[in-house]
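The values are calculated or read from the model by the stated rules, or taken from the named source; none is laboratory data. Just so we're clear, the structure is a prediction, and the values are computed from it rather than from any experiment. Positions of Cβ are backbone-derived with ideal geometry, glycine not excepted, and every protein chain shown enters the neighbour counts.
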Amino acid sequence: MSILLVEDDQDLATGLLEALRKEGLAINHVATGKDALHVIAAETPDIVILDLGLPDMDGLAVLKQLRKQQSELPVLLLTARDSLGDKIAGLDSGADDYLPKPFEMAELLARLRALGRRTGTAKTNVIGIGDVSLDTASQAVLVKGELAELPRREYMLLKVLMENAGRVQTRDSLENKLYSWGEEVASNALEVHIHHLRKKLGSDFIATVRGVGYTVKAS
C-alpha cells in the first residue's frame, strides 16, 4: 500500500515518515498542494494523508481538484482545525476520514488500515482464490486452512495481487506500493518476494507475465 503525505510541518512529516515506514508502509512526502496534485496525477498512491493548512493553497481546494480526477482515491484529512464545521466541510468536499491534531499513532494506523481495505477490486474483507484466503481486516493469510506467516512486504504484495486478481500488475506499480521514494532497493527484491510467496502458496499461484509483471488468476 502506497501513501502520499501532504504536510508542510517538517518535524511532523519526518516523525510520520519514520513511524509509518517502521510499520512496513511505503510512504512519500510533499509539502505543498501543487506538488501533491502533480504527484497524484503522475503516480496515483493508494491513500492520501492531506493537511488542510498548506503554504500555497488551502487543503480543501487541493481536495476538490483531486476529486475531479480521482473520485475513488481514499483521502484522510489531517488538521488542527477540529471544529464540527471544519469536519463537515472536509467530508462534504470529498474526504473519506478526518483526524484532528494532535493524535495517537495507533489511531492513525487503524484509520489507514480501514481506508486500505477500500483499495483494489475486492468487495469483501476476505478474498479467497484457490487454496489461499486473505483477510484484509485481520491481515491473516490461510493456505489450505493453515495460517501462513508472511513478512509485511510479502503480505502487501500478495494483497495487491489478490485484490486485483485477473489483472496484470507491472513491476513498477508493485515496487511503488512496496517501497518509498529514495529507499534503497535491490534490483531483484521483487523477484525475491515473489519467490518466497510461491514457496508458501504454491509455485503456480502467482503467474509471471514476461517483460511486464505478475498476476494472480481470478477464481
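Considering only residues of region 4-57 that are acidic (Asp, Glu) and over 19 Å from ARG153 (Cα atoms), which is surrounded by the fewest Cβ atoms within 10 Å (Cβ to Cβ)? Among them, the one singled out is ASP11.
One residue alone among LEU147, LEU158, LEU142 is in a helix (DSSP H, G or I) and among the aliphatic types (A, V, I, L, M), and that residue is LEU158. TRP181 satisfies every condition listed in (1) outside any strand (DSSP E or B); (2) free of Cβ contacts under 8 Å to residues at least 40 places away in the same chain; (3) not aliphatic (A, V, I, L, M) except (2). In the set (1) touching a helix residue (DSSP H, G or I) at 6+ places or on another chain (Cβ under 8 Å); (2) among the hydrophobic types (A, V, I, L, M, F, W, C); (3) at pLDDT below 90, the condition left unmet by LEU115 is number (1). Taken over region 127-153, the criterion of being more than 18 Å from the chain's Cα centre (by Cα) and of a type outside the set (A, V, I, L, M) is satisfied by GLY128, GLY130, ASP131, SER133, LYS144, GLY145, GLU146, GLU149.
Restricting GLU107, GLU163, GLU146, GLU175 to residues that are of a type in the set (Asp, Glu) and in contact (Cβ under 8 Å) with a residue 40 or more places away in the chain narrows the list to GLU163. The residue that is farthest from GLY166 (Cα to Cα), among those in region 186-218 that are assigned to a loop (DSSP other than H, G, I, E, B) and of a type in the set (A, V, I, L, M), is ALA186. For region 188-200, the count of residues that are closer than 21 Å to GLU72 by Cα, at pLDDT below 95 and touching a helix residue (DSSP H, G or I) at 6+ places or on another chain (Cβ under 9 Å) is zero. Checked against (1) more than 29 Å from ARG153 (Cβ to Cβ); (2) out of contact with any Lys or Arg (no Cβ under 6 Å at 6 or more places or on another chain); (3) in a loop (DSSP other than H, G, I, E, B), LEU63 meets all criteria but (3).
For the residues LEU17, LEU99, LEU73, LEU77, the requirement of being assigned to a loop (DSSP other than H, G, I, E, B) and either at positive phi or at pLDDT 90 or above (or both) singles out LEU73. Return yes or no: is LEU60 farther than 22 Å from LYS177 by Cβ, among the hydrophobic types (A, V, I, L, M, F, W, C), crowded, with 16+ Cβ neighbours inside 10 Å and touching a residue at least 12 places away in the same chain (Cβ under 8 Å)? Against the criterion (farther than 22 Å from LYS177 by Cβ, among the hydrophobic types (A, V, I, L, M, F, W, C), crowded, with 16+ Cβ neighbours inside 10 Å and touching a residue at least 12 places away in the same chain (Cβ under 8 Å)), LEU60 qualifies. Within the span defined as region 122-140, every residue fails to be surrounded by 13 or more Cβ atoms within 10 Å (Cβ to Cβ), modelled with pLDDT of 90 or more, assigned by TED's automatic domain parsing to the domain that holds ASP9 and of a type outside the set (A, V, I, L, M, F, W, C). Is there a residue in region 52-60 that is modelled with pLDDT under 95, in the same structural domain as LEU12 (by TED's automatic domain parsing) and farther than 21 Å from GLN10 by Cβ? Within region 52-60 (the criterion being modelled with pLDDT under 95, in the same structural domain as LEU12 (by TED's automatic domain parsing) and farther than 21 Å from GLN10 by Cβ), the answer is yes, since at least one residue qualifies.
Name every residue in region 201-212 that is surrounded by 14 or more Cβ atoms within 10 Å (Cβ to Cβ) and modelled with pLDDT under 95, in order of residue number. The one that is surrounded by 14 or more Cβ atoms within 10 Å (Cβ to Cβ) and modelled with pLDDT under 95: GLY202.
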